[in-house]
1. If we only count helices (runs of 4 or more DSSP H) wholly inside segment 20-121, which ones have 1 or more residues that are in contact with an Asp or Glu (Cβ under 6 Å, 6 or more places away or on another chain) and either open to solvent by less than 80 Å² (accessible area, probe 1.4 Å) or on the phi > 0 side of the Ramachandran plot (or both)?
2. Could you check, for segment 38-45, whether at least one of its residues is in contact (Cβ under 8 Å) with a residue 60 or more places away in the chain and hydrophobic (A, V, I, L, M, F, W, C)?
3. If only one of Glu149, Glu171 is touching a Ser or Thr at 6+ places or on another chain (Cβ under 8 Å) and farther than 24 Å from Met123 by Cβ, which one is it?
4. What are the residues in segment 135-176 that are among the β-branched types (Val, Ile, Thr) and either open to solvent by less than 50 Å² (accessible area, probe 1.4 Å) or in contact (Cβ under 8 Å) with a residue 60 or more places away in the chain (or both), if any?
5. Open to solvent by 70 Å² or more (accessible area, probe 1.4 Å) and modelled with pLDDT under 95, is that true of Leu13?
6. Which pairs turn up if I take residues in segment 59-75 that are in contact (Cβ under 8 Å) with a residue 24 or more places away in the chain and closer than 13 Å to Arg165 by Cα and look for partners that are open to solvent by less than 70 Å² (accessible area, probe 1.4 Å) and outside any helix (DSSP H, G or I) with beta carbon separation below 8 Å, at least 6 apart in sequence or on another chain?
7. Would you tally the residues in segment 151-189 being charged (D, E, K, R) and more than 30 Å from Ala72 (Cβ to Cβ)?
Amino acid sequence: FVFCLAYAGIEMLKGGASVLYNGIKDPDFVRNLAQPEFSAMIISIITIVVKLIMTRVTFYYAKKVNSMGLYADGKNHELDAVTSLLIVVALIFSFNGVWFADAVASLIGCGFIFKLVAELFMMSINGLVDKSASTEINEKAKEVALSVEGVLGISRMRSRQFGSRAFIDMEIFADANITLAEAEVITEN
């Protein structure tokens, strides 16, 4: 997905740069540019509304199930909403005779695409290597451990995040005078 998105960004960059270059170099090129239709504006506005709703719903479920895949999908919906907004702005300028508005909008859109590519790439790398679980998860694990009867404290804790799961290794303090069986029960709890 990340590489496809990067490829789309590169193609948009090439297209926008080509229109700007040819438009500056050749005035006839500008006269031959097709004028956008008003229906493009309506479709873009509908797309913005739909994609914003999809973004909110997808982010909600991504957080609920802690899914990197859903988060990436939500970011893609968000990017679609932003690029559709850029299209609306470019159309407004194009309707008013600014021939290079679409090209500039595509170059700005490329910036958003490349930013998302970098973010998703780093998320993928972090998912492949052992990365410490979030502070929120670590604090919740400590809270749960300290709420168990017989746990007097925590001496050491390490965590790692792998995809949507967190793995935690923890050493706890307990009363030194209890039996091994009692210590086992505390550990299991």
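1. 38-65, 68-95
2. Taking every residue of segment 38-45 in turn, none turns out to be in contact (Cβ under 8 Å) with a residue 60 or more places away in the chain and hydrophobic (A, V, I, L, M, F, W, C).
3. Residue meeting the stated conditions: Glu171.
4. If the condition is that a residue be among the β-branched types (Val, Ile, Thr) and either open to solvent by less than 50 Å² (accessible area, probe 1.4 Å) or in contact (Cβ under 8 Å) with a residue 60 or more places away in the chain (or both), then Val148, Val151, Ile154 are the ones that fit.
5. So Leu13 fits the description; yes.
6. Within 8 Å, the pairs are Val65/Ser164; Asn66/Ser164; Ser67/Ser164; Met68/Gly163; Met68/Ser164.
7. Summing the residues that are charged (D, E, K, R) and more than 30 Å from Ala72 (Cβ to Cβ) in segment 151-189 gives 6.
Each row is one residue, and each column tells you yes or no for (1) under 18 Å from Met12 (Cα atoms); (2) acidic (Asp, Glu); (3) touching a Cys at 6+ places or on another chain (Cβ under 6 Å).
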{"residue": "Glu37", "(1), (2), (3)": "no, yes, no"}
{"residue": "Tyr71", "(1), (2), (3)": "no, no, no"}
{"residue": "Val88", "(1), (2), (3)": "yes, no, no"}
{"residue": "Leu91", "(1), (2), (3)": "yes, no, no"}
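The values are calculated or read from the model by the stated rules, or taken from the named source; none is laboratory data. In this text, all values refer to a predicted model and were calculated from it rather than measured experimentally. We place every Cβ from the backbone using ideal geometry, glycine too, and count neighbours over all the protein chains shown. When the accessible area is computed, the model is the full protein with side chains, heavy atoms only, and any ligands, DNA or RNA have been set aside. Shrake-Rupley method; radii C 1.70, N 1.55, O 1.52, S 1.80 Å.
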